[in-house]
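One structure below.
Bear in mind that the values in this text are calculations on the coordinates, not laboratory data. Bear in mind that the values here come from a model prediction, so they are computed numbers and not experimental data.
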Amino acid sequence: MTNPCARRNDIFCENLDAETIVYDKAKDRAHSLNRTVMLVWESADGQRTVEDIAAILHRELGIPADRHVVLLALQELEKASLLQEPVPVEAGPELLSRRQVARKLALAGASVAMLPVIATVLAPTPAMAASMITQQQAGQDLTTVTGQAIANPNFLVGPEAQTAQADLGNAMLDFSTGNYNAEIQQLDGVIQALGLPPL
């Protein structure tokens, strides 16, 4: 496997408390990276292996040094066009679903909030500027509820699964268009459907 290398050209970064905002000037998109993805992106210099990056996550975040967490983060980075080139990964046991990685983290006693998450939005619009809820808070809430929902066994199978999935999908859409007040209402629906703790 080729060592991962993050894309740095036409990129502007701003580190916040729990996330990093990466603005892609070439694509006119902003990405909110949680701490896990941010550390993978910063560590992906073309010299470090997946295992090296897993060790960095373990040292910095206290999560297991598991290559699957890094691979999931690299998949997210690739989708956001934040890698110089795709990292070839063989199918099969090498690739785990987001839910499987969340389970592994939970079994190891790590917070589901450490699950690699990227929220992508277009460049800020007037609707974003007019919102009472900040983009940072909306992104943090979306990351928190998404992680809790994915780790919840009733999210994929259960009496409220369809409602929770639809509400979460609508919340992501509202976030991407800057409609943060509507996003929070949708997240409340996910919380109620799955019986999650309030934000």
Practice item. For the range 79-86, just list the computed ³J(HN,Hα) in residue order, Karplus coefficients 6.51, -1.76 and 1.60, θ = phi - 60°, integers in Hz, with x standing in for Gly and Pro. Key: 4, 8, 6, 9, 10, 5, 8, x
Practice item. Please give the length that would be gained between Q162 and N3 if that part of the chain were fully extended, namely 0.36 nm times their separation in residues minus their C-alpha to C-alpha distance (nm, one decimal). Key: 53.4 nm
Revision key, fill the gap. In Å, the Kirkwood hydrodynamic radius from C-alpha pairs for the range 125-194 sits at 12.0
